[in-house]
Amino acid sequence: MTLDDIRRFRQLGSKAPGHPEYHWVSGVETTTGPLGQGVATSVGFAIAQKWLASRYNKPGFEIFNYNTYAVCGDGCMMEGVASEAASLAGHQGLDNLCWIWDNNHITIEGNTRITFTEDVAARFLAYNWNVLRVGDANDLDRIEHALAIFRQTKGRPTFMVLDSHIGYGSPHRQDTPEAHGDPLGDEEIRLTKRSYGWPEDAKFLVPDGVYEHFNAGLGLRGAQARKSWTELFGAYRKKFPELATEIDQMQRRELPADWDRNLPVFPADPKGLPGREASCKALNVLAQSIPWFIGGAADTGPSTKTKLTFAGAGDVQSETPGGKNLHFGIREHAMAATVNGLALSKLRAFGATYFIFSDYAKPAMRLSALMEIPSLFIFTHDAMGDGEDGPTHQPVEQLLSLRAIPGLVTLRPGDANEVVEAYRYIMQLRHQPAVLALSRQPLPTLDRTRYAPASGVARGAYVLADAPSANPEIILIATGSEVILAIEAHEKLLAEGIRSRVVSMPSWDIFEHQSKEYRDSVLPPQVKARVAIEQASTLGWERYVGSEGCIIGMNTFGASAPLKELQKQFGFEPEQVVAAAKEQLRKKQS
Ligand SMILES: Cc1ncc(C[n+]2csc(CCOP(=O)(O)OP(=O)(O)O)c2C)c(N)n1
């Protein structure tokens with residue numbers, strides 16, 4: 001970061017954007033800006049450090065021994081995600097984590113007394129944090145002392161309440177909301193500089209001696225710390241070559257050799273199994289072959305089937321920080337932010353819950369895409385399959401809204417083998433987060449000797465079943481639980497001599513990144529009669545069926561009833577797909 005970048009603050013291409021953004025400059029460890037997100041992510045950093053230390057540190061080799069500090073504002077303290085994260089951190093006893101609250105009592109609308117009058121310190125005490133107070137943000141000795149106490153405190157994270165003044169030194173703006181966002185203006189800047197004893201007309205001034213001071217302090221200490229760590233790691237590599245290789249691979253986001261060799265292949269089975277069951281089998285294989293792949297659910301482990309059950313896959317708790325299963329509690333938002341913190345620390349991590357509650361996790365998921373990190377979000381109960389739970393639990397607009405997040409890979413596999421292929425694709429991602437939307441109910445496992453191999457998942461969409469001579473007059477496009485429905489309709493259409501094709505489309509995003517040639521081979525532009533089938537919002541499917549195509553999807557919320565009745569009510573039956581296909585053909589011919 002140069003002085004020039006700072007001069008160009010908030011200008012296009014500057015390394016100093018409006019809010020800190022991960023991976024454009026070294027030293028920005030996570031993207032922040034949505035209040036509370038940074039502190040919540042810091043919990044993932046702290047859990048990761050303890051996990052890494054537990055697996056890799058050896059007597060005399062403290063390879064991972066860092067602490068995590070987060071500076072936060074009143075806004076962060078008001079946001080729910082910070083409370084969720086603080087509660088989790090307190091439970092986990094993260095004594096390697098220190099939050100410093102810039103307690104200046106000012107937010108945009110005024111003094112916090114208009115809306116925020118709770119006892120924050122008491123709240124943190126109740127969360128099992130060590131709470132310290134420094135009454136003056138300019139008292140460096142006291143701050144040093146508080147930080148020393150943090151480093152000595154065991155079994156609890158530290159929360160430092162640091163009383164401060166916004167716009168400190170500005171004679172007319174100190175302690176006012178204007179100091180938060182409005183430029184001070186030339187005259188006030190002059191007066192503020194005067195109060196600091198600073199040259200009043202100088203701009204971007206770096207006085208003599210500053211560079212030297214930093215070089216001799218932070219610069220020297222950092223260089224020495226890096227040198228001694230590199231030497232230590234060199235010796236570690238000699239003594240523990242396998243663990244060192246793991247660390248190298250993890251840091252580069254590579255995977256161990258043969259990481260996918262034990263992934264299951266499911267035989268054809270008309271009864272089949274739920275997407276979540278297939279996922280459970282794949283997850284348990286992957287977490288054994290990729291030791292740094294960990295995760296958990298927001299109190300939905302038994303129903304999302306995300307528990308890792310192999311020997312040695314214990315829980316991550318304060319006494320067992322090297323476990324594999326995280327219990328995030330019913331804190332979806334903090335879960336997603338924590339997963340981001342783990343991913344930023346180079347672990348592969350997943351968080352899971354029901355698809356409908358992705359809404360509770362979304363702000364952190366969005367940041368994972370913005371940061372280009374491979375967080376994994378596993379969502380089950382992906383459509384109306386949870387029947388009796390009713391419309392509060394039936395996703396409608398969730399797929400669409402996640403597909404709209406740039407860079408986020410969303411996959412909705414159609415049978416057990418597509419689930420496995422989805423994992424194979426996801427685990428190789430290095431710079432993109434992924435969402436896996438899985439069914440609660442069993443889906444038949446397709447006979448892949450009759451239909452195309454599930455490896456087509458890696459292209460986002462593929463021709464699963466085709467018309468004779470690969471010359472379709474109608475295309476049925478489906479995702480997830482509706483793939484089997486399309487196949488059933490396809491067989492009926494074929495029996496009536498109608499040349500139909502079924503395209504399984506687990507991922508719009510991946511498909512959009514294929515060559516035009518491939519896309520046209522799957523969806524030939526001249527075949528305009530098309531039906532899309534998906535138990536989700538119809539919005540957006542025009543992209544693939546055209547303005548005159550047919551979309552069998554959801555235009556309302558669902559309802560509370562057994563699945564079969566819902567399928568009938570909302571048109572997800574083979575007969576209705578067949579009728580829609582025929583109507584399409586009639587329209588195109590007339
Ligand atoms: C989730 C979220 N909501 C709203 C905003 C808009 N916003 C930016 S700063 C701010 C006030 C923050 O006050 P505080 O944390 O006390 O910061 P300070 O005034 O001390 O700079 C708000 C509401 C935001 N960035 N993120």
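Worth pointing out:
- Among the candidates Leu400, Leu376, the residue that is touching a strand residue (DSSP E or B) at 6+ places or on another chain (Cβ under 6 Å) and over 12 Å from Ile294 (Cβ atoms) is uniquely Leu400.
- Residue in segment 330-342 that is out of contact with any Leu (no Cβ under 6 Å at 6 or more places or on another chain) and part of a strand (DSSP E or B) present: no
- Conditions (1) within 16 Å of the ligand (Cβ to nearest atom); (2) under 29 Å from Ala46 (Cα atoms): number failed by Asn215: (1)
- Number of residues in segment 334-392 that are of a type in the set (S, T, N, Q) and touching a residue at least 60 places away in the same chain (Cβ under 8 Å) equals 6.
- Helices (runs of 4 or more DSSP H) wholly inside segment 218-295 that include at least 1 residues being closer than 19 Å to Val339 by Cα and either in the same structural domain as Arg55 (by TED's automatic domain parsing) or not β-branched (Val, Ile, Thr) (or both): 241-251, 275-289
- Of all residues in segment 540-558, those that are loosely packed, with under 15 Cβ neighbours inside 10 Å and either within 30 Å of the chain's Cα centre (by Cα) or in a strand (DSSP E or B) (or both) total 5.
- Under the condition of being more than 16 Å from the ligand (Cβ to nearest atom), among the small types (Gly, Ala, Ser) and within 17 Å of Ser368 (Cα to Cα), the residues counted in segment 22-76 number 2.
- For the residues Ile114, Ile100, the requirement of being of a type outside the set (Lys, Arg), surrounded by fewer than 16 Cβ atoms within 10 Å (Cβ to Cβ) and either under 24 Å from Asp175 (Cα atoms) or not assigned by TED's automatic domain parsing to the domain that holds Arg348 (or both) singles out Ile114.
- Residue in segment 478-501 that is in a loop (DSSP other than H, G, I, E, B), out of contact with any strand residue (DSSP E or B) (no Cβ under 9 Å at 6 or more places or on another chain), modelled with pLDDT of 95 or more and not acidic (Asp, Glu) present: yes
- Single residue of segment 151-184 satisfying the filter (assigned to a helix (DSSP H, G or I) and in contact (Cβ under 8 Å) with a residue 60 or more places away in the chain) that is farthest from the ligand (Cβ to nearest atom): Arg151
- Where a residue in segment 185-202 is under 10 Å from His172 (Cβ atoms) and without any contact (Cβ under 8 Å) to a residue 40 or more places away in the chain and its partner, wherever it lies, is surrounded by fewer than 16 Cβ atoms within 10 Å (Cβ to Cβ) and acidic (Asp, Glu), with Cβ under 9 Å and at least six apart: Leu191/Glu200
- Scanning segment 369-420 for residues that are part of a loop (DSSP other than H, G, I, E, B) and at positive phi yields Glu372, His381, Gly390, Gly407.
- Residues being among the aromatic types (Phe, Trp, Tyr) and under 25 Å from His381 (Cβ atoms) - total across segment 516-543: 1
- Residue in segment 69-77 that is touching a residue at least 60 places away in the same chain (Cβ under 8 Å), surrounded by 16 or more Cβ atoms within 10 Å (Cβ to Cβ) and not assigned by TED's automatic domain parsing to the domain that holds Ile330 present: no
The values are calculated or read from the model by the stated rules, or taken from the named source; none is laboratory data. The structure displayed is predicted, hence computed values, not measured ones. Glycine also receives a Cβ, built like all others from the backbone with ideal geometry; neighbour counts cover every protein chain displayed.
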